[in-house]
Each structure stands twice: as structure tokens, then as C-alpha cells.
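FYI, it's all coordinate maths here, none of it is from the lab. This is a predicted model, so every value here is computed, not measured. Counting neighbours? That spans all protein chains shown, and the Cβs are built from the backbone with ideal geometry, glycine included.
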Amino acid sequence: MRNAGKPWLRILGLALLIVGMATFFINAEALMNGDAVECDGRPMRPGQWCARVGDESRSYDEEKKNEASGELIGYAGVGLGTLGVVVLISNAIAARRGNQRR
């Protein structure tokens, strides 16, 4: 019978991969924009304000800070997803090595 490795490591790896992908895709726009600051898809310049319906107005600096934090969170998602893949691969390698020793 084939040893499947440690099931809790597989669950941890899948959870990290899913959370990482979700975090990345939620913040993908901030990652792809680079240094551009946008309000509803339109570029902003210093001194402008972004007013959204049903939301507070934000200055250029506030939008820039918000996008910078989104970019950081997106990169953290890439790291989590990569860590999940590493955990899944290492668990599979350990399971195969365990089968070869028997």
C-alpha cells in the first residue's frame, strides 16, 4: 500500500496555496500598476482627490499609501502560495522516499 505522507502537511500546503492565490488575485491590480496611482481606473496626479459614491474622498497621498499596502499584501500572497507549493512537493518527496525504504 502506498504511503501518502503526512495528511496534515498536505492540508497545510493546500491551505497556504489557496490563501496565497486568493491574496495575490485580490491585490493583483496594485501589483500590476507599478507606481501609478488610480481612482476608478483613471490616473491621479498629486493634489487630486478621489471621490467614490458611498465612500469617503481620498487624497492622492492616501490612495498611493493604500495601493502600496495592497502591493505588499499581494507579494505576501505570492510568498504564501510558494510556501504551500514547497510544502506539498516536500511532502510528496518524503512519502516516495518512505515507500522506497520499505
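What is the angle, in °, between the Cα long axis of helix 60-100 and the longest principal axis of the Cα atoms in the chain? Nearest 10 is fine, range 0 to 90. That helix lies at roughly 10 degrees to the long axis. Per-residue extension of 0.36 nm, minus the Cα-Cα distance of residue 96 and residue 49, leaves a gain of 11.1 nm for this segment. The calculated 222 nm mean residue ellipticity attributable to helices in the chain amounts to -23000 deg cm²/dmol, summing -39500 (n - 2.57) over DSSP H runs of n ≥ 4 and dividing by all residues.
Evaluated with a Cβ-only charge set (Lys, Arg +1; Asp, Glu -1), the chain carries a dipole of roughly 1340 debye about its Cα centre, given to the nearest 20. Our estimate of slack between residue 78 and residue 65, defined as 0.36 nm per intervening residue step minus the Cα-Cα distance, is 2.7 nm. Candidates 25, 51, 68 compared by Cα position along the dipole of the chain: farthest toward the positive end lies 25, with charges placed on Cβ. Enumerate by residue number the GluC sites (Glu not before Pro) in segment 1-69 meeting two conditions: DSSP loop (anything except H, G, I, E, B), and at most 16 other Cβ atoms within 10 Å of the site's Cβ. For GluC sites (Glu not before Pro) across segment 1-69 that sit outside H, G, I, E and B with at most 16 neighbouring Cβ atoms in 10 Å, the list reads 56.
Near residue 29, within a Cβ-to-Cβ distance under 11 Å, what is the net charge of the other residues, with Lys and Arg +1 and Asp and Glu -1?
After counting each charged neighbour, the total is -3.
Annotation for residue 29 and residue 11: the two label points, set 7 Å from Cα along the Cα-Cβ direction, are 3.6 nm apart.
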